[in-house]
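The structure appears below as structure tokens.
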Amino acid sequence: MEALIGSQGLTKMTRNELAVAVLVVLPLVGGALAWLAPWRWLRSAVVWLTAGLSAAAGVYAVTLLPFSVTLGSWHEVVAVVCELMLVGLVAYFAWDERGWLIVGLCAVQVGVLIFEWLEGAGQIPVIKDAVFCLDGLAGALVVIINVIGGLILVYATGYMKVHSCHGGGRGAREGRFFLVLTGFLGLMNGLVLANHLGWLSVFWEGTTLCSFLLIRHEGTPEARGNARRALLINVFGGVVMSLAGVVAQRGGAESLEGVLGSRLTVVFVLLCIAALAKSAQFPLQSWLLGAMVAPTPVSALLHSATMVKAGAYLVLRLAPAFEGSAVMDVIALIGGFSFAVAAALAVSQSNAKRVLAYSTISNLGLIVACAGIGTPLAYAAALMIVCFHAASKGLLFLCVGAIEQEIGSRDIEDMGSLLHTMPLTAGVTIAGMLTMLVPPFGMLMSKLMAIEAAIEAPLVVLLVIAGSALTVFFWAKWIGRVQTVSYHARYRLERMPRSMMGVLVVLCAMVLGGGLGSLAIYRQVIEPMALGAFPHAAEKAVAALRAAGQLHSWPILVFPLLAVIAWLVTVWRFNPGYVRLPYLAGENRDETELSYKFTSVKDEPVVAWATSLYFRRTLNEERITPWANLLAWLLVLSLLGVLGGR
Amino acid sequence: MGTVMALFFVVVVAPLVGLVLNGADRVVTARLQGRVGPPLLQPLYDLVKLWRKEPLVVNRVQIGYVYLHLAFMVMTLVLLALGGDMVLALFAHAFSALSLVIGASSVRSPFSRIGAQRKIMQMLAYEPVFILLVVGIYLRTGSFMASAVGRLDAPLIVSLPLVFLAYLVALEIKLEKSPFDVATSHHAHQELVKGVTLEYAGPYLALIEVAHFYETFLLLGIVAAFFVRQIWLGVGVALVVYAGAIVVDNVCARLRTTWMVRCLWTVPVMLAVCNIIWLYVRRTQGG
């Protein structure tokens, strides 16, 4: 009997190890195969297969949850070697790009690593923890990374085909592109699974390198410059993280769990600064805007759905241990500040990808703010945003990519009549934007929870409110522009690679379904996770958490549904005889069937045209950014100040 | 049973109250301008007339947003009547206004689009007041549930007097009254024609009118809620406030959109913020 249990325990052990190994290694191998594939169809097939397998592996791994994997002490050597190799690679690329500052940072990092190694050999007593672990939080991210990431990979195969026809990138480049993009999934899986700080640092560095290579993909001077900037800021984050490793080792911890357990505030603050760089929070936001030169699947995968979430994930993971401390208050302020300022700057942008980038910074700020508030309700709100934002924003980036390939512009003002020229994409875009701001959908419910959770911190709640109002502004403008359309009796589906179209439809269905079921997801999944993260939460905090799940859900589902049904019925029974031209500023000219010309002064025909408001003078990006950065640096400094005055 | 009664009240009775109030508005306005004015039930006759007209549209997209506008307006009232979450009700109300904006910007008429932009500016101006109102109620009752207001021992006006003042200004915007009727109005403006609702006709315009009746009831109901427990006093004050709004409408000129935002964000929002700070301080001192 005992032997039986023993063997079962053993198989369970190896199964967990296998799950981790597959999640990390499979995409790397798939990427390498895609790189080697001589023909495009074979490359696409390999990428598709890898995407499918890693999605399955991700979902399977989550059914095993929670588990942890411990390894012999050999793994530390492997981690250090991997890290040194990665730093070496980064330094090589930085040298290639003449980024001397980055090379210097790499040298510092090597120094820190060697110092840590020597000091560790000096036998500081360190509590040994699991090397990898999969809990609810990591599980949520694993699903996002592999399922949404897999879909984006499939989309990318179609996208790059069209992209190369437009003259972007050559064959060999495309192989490397898929090597990095597919392999990234494995590194990202490793990042969220890692518990050991050494391994966390390895994967952190690895995702930085992926991001750099993908931003540089186009090879234009602009792309190279932006890639260098992204590398600089993220390597800075990496150095800070290595420093955190040294301090943690001195404090007798080597893993995130250890940092949580012994409440090493200094380590926490250092990790948070690294996280701010990765999650592109003010004052380290500039690299994410530059990263938008990369092909759109990259923006969707790395720069909105997964990689930038790593920072917010790290803060979220550590937050419960530091609940109520002054450090957390400052972190909540930094997040709230990024949320509001990025939303304000998004209002002034008409470049669709920049709007999405600012909106991403903004939402990441809200996650960080919620993590900083540190109540179970705030934690739950942050989790909701992590999930729903990844899906919706990934979808929107994919839509913008498809639109850009069709109309050759990413300016929002050029997106009128899209409903006629590409009805499917435009419809999916509108649906995706609506899920960002309309009541029954998850993003809005999580904003609601964020506001309710922030209520005890007056400054944060003001920032969250201001940010929410501005968010509504830029989405409304964009939706209005995309759905501006004349009456057409028939709509013809646009031509697009089937892989792109399929992914748009599937992801849109997921976003709509998940968004509608957001309250059920909250009650079934998010609430237990938040309770698990805060086992000693006060009774009042738990009551707030439960109250948010007990919202009246029937009116918010029934009324919009009634409206949608009424609209469908009207459209079904629509009589084209009721269509009129819009009222313009004078008499309509009927030169063509769909004329927007009217008779103006001296009988001159004038085309009616009204653009949206951008407040380019008030919300001037160039003028506001330096001040916002200054304020944000002060906040970061006060983070260190709080530490000193502890 | 109480719930069913409340639902019946807000879904069926509320628009009728709103309709009569709007009729009264037109009579009072006419008297102020030295006219006799239409009968009290003129809004009802207008509604019937509009309903029988041809449903003319520019495209099919804009129709959906009329339904959403009305649905979210009714939903706001239902949520409040159920004693539900006030932040959720606030969001529903905001999206109701927003669907008009999105609907109006889905056509190529410049008047409609400019009206839509101005409507968003209006939202930027008044939404902070609404949110601060909810925050203030939370600080007073310790709950986001609307039902908690009914259980208060002293009326809200005692602890939220400055927020009440700010709310009165926001009300003027929401009712599309001068000096803030920049997005649309019952009187056609020269430079904006009919603004947000320009490209809606016939039954769709009728539905927007119905939503307006609901909204009138909602906004005045919130005024009354400041005096909860002395509900008749609240109703009285709400009627006085409405009459005041009509008078202000008739004696003021319409002003610029940017002026509106600046005006709201300086005095009323700051007043409300002061009130909120005062409540925070009292809470931390009282433990």
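The values are calculated or read from the model by the stated rules, or taken from the named source; none is laboratory data. In this text the structure is predicted, and so the values were computed from the model without any measurement. Quick reminder, even Gly has a Cβ in these numbers, built from the backbone with ideal geometry, and neighbours come from all protein chains shown. Areas reflect the complete protein model, heavy atoms only, side chains present, ligands, DNA and RNA absent. Shrake-Rupley method; radii C 1.70, N 1.55, O 1.52, S 1.80 Å.
Overview of values
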| quantity | calculated |
| --- | --- |
| Candidate lysines - alpha carbon under 16 Å from A:Lys477, same-chain residues fewer than 8 apart omitted | A:Lys353, B:Lys119 |
| Accessible area in square angstrom per residue, chain A, 1.4 angstrom probe | 38 |
| Prolate/oblate/rounded label for the stretch A:84-166 (Cα gyration tensor, a/c 1.5) | oblate |
| Angle in degrees between helix A:423-437 and the longest Cα principal axis of chain A, rounded to the nearest 10 | 60 |
| Length released on extending from A:Trp572 to A:Trp609, taking residue separation times 0.36 nm less the Cα-Cα span | 10.3 nm |
| Charge dipole (debye, nearest 20) of the stretch B:1-104; +1 at Cβ of Lys and Arg, -1 at Cβ of Asp and Glu | 400 |
| Cα gyration tensor, the stretch A:34-145 - rounded (a/c under 1.5), prolate or oblate | oblate |
| The stretch A:443-527: trypsin sites (Lys or Arg not before Pro) falling in loop per DSSP and having at most 14 other Cβ within 10 Å | A:Arg490, A:Arg492, A:Arg495 |
| Sparse-neighbour loop sites [GluC sites (Glu not before Pro); the stretch B:187-287; at most 16 other C-beta within 10 Å; DSSP] | B:Glu191 |
| Whole-Hz couplings from phi, Karplus 6.51/-1.76/1.60, listed for the stretch B:241-257; x for Gly and Pro | 4, 5, 4, x, 4, 5, 4, 4, 4, 7, 9, 9, 8, 6, 10, 6, 5 |
| Rough spin-label spacing in nm, given labels placed 7 Å along Cα→Cβ, for B:Ile231 and B:Ser147 | 1.6 |
| Positive-pole candidate from A:Ile152, A:Thr208, A:Asn189, dipole of the stretch A:137-222, charges at beta carbon | A:Ile152 |
| Mean separation of Cα contacts under 8 Å (6+ apart) over length of chain A, as relative contact order % | 13 |
| Buried solvent-accessible surface, both chains (A, B), 1.4 Å probe, Å² to nearest 100 | 5400 |
| Table column - 3J(HN,Hα) (Hz), the stretch A:112-117, Karplus curve with 6.51, -1.76, 1.60, x for Gly and Pro | 4, 5, 5, 4, 4, 5 |
| Given B:Lys49/B:Lys194; B:Lys53/B:Lys174; B:Lys49/B:Lys174, the pairs whose alpha carbons are separated by over 20 Å | B:Lys53/B:Lys174; B:Lys49/B:Lys174 |
| Positive-end extreme of charge dipole, the protein assembly as shown - chosen from A:His163, A:Gly88, B:Val210 (charges on Cβ) | B:Val210 |
| Contact order normalised by residue count of the stretch A:324-573, Cα under 8 Å, 6+ apart, percent | 26 |
| Sequence-distant lysines (8 or more away, or on other chains) whose Cα lies within less than 24 Å of A:Lys540 | A:Lys447 |
| Three-way shape label, chain B, alpha-carbon gyration tensor, a/c 1.5 | prolate |
| Carbon and sulfur %, accessible surface of the stretch A:324-573 computed with the full protein complex present, 1.4 Å | 66 |
| Average accessible area per residue (Å²) across the stretch B:2-286 - probe 1.4 Å, nucleic acids and ligands excluded | 38 |
| C-alpha long axis of helix A:553-572 to longest principal axis of chain A, angle in ° | 40 |
| All aspartates and glutamates inside 12 Å of A:Lys128 as judged from Cα atoms, apart from same-chain residues fewer than 8 positions distant | A:Glu76, A:Glu254, A:Glu257 |
| Mean ellipticity per residue at 222 nm, deg cm²/dmol - from DSSP H runs of n ≥ 4 across the protein assembly as shown, formula -39500 (n - 2.57) | -24000 deg cm²/dmol |
| Residues whose placed amide H lies under 5 Å from that of A:Phe67, excluding near-sequence neighbours | A:Leu134 |
| Dipole of the stretch B:2-286 [Lys/Arg +1, Asp/Glu -1 at C-beta], most positive-end residue of B:Gly84, B:Trp265, B:Leu175 | B:Trp265 |
| Within the accessible area of the stretch A:105-163 (1.4 Å probe), percent carbon and sulfur | 74 |
| Charged-residue dipole, Cβ positions (Lys, Arg, Asp, Glu), the protein assembly as shown about Cα centre, Debye nearest 20 | 1280 |
| Relative contact order of the stretch B:2-286, defined on C-alpha pairs under 8 angstrom at six or more residues apart (%) | 26 |
| Within the stretch B:211-287, trypsin sites (Lys or Arg not before Pro) in DSSP loop having at most 15 other beta-carbon neighbours inside 10 Å | B:Arg229, B:Arg256 |
| With Cα atoms, 0 to 90° folded angle of helix A:458-482 axis to chain A main axis | 40 |
| Estimated vicinal HN-Hα couplings, Hz - the stretch A:485-501 in sequence order (Karplus 6.51, -1.76, 1.60; Gly, Pro = x) | 7, 7, 6, 10, 5, 10, 10, 10, 4, 6, 8, 7, x, 4, 5, 5, 4 |
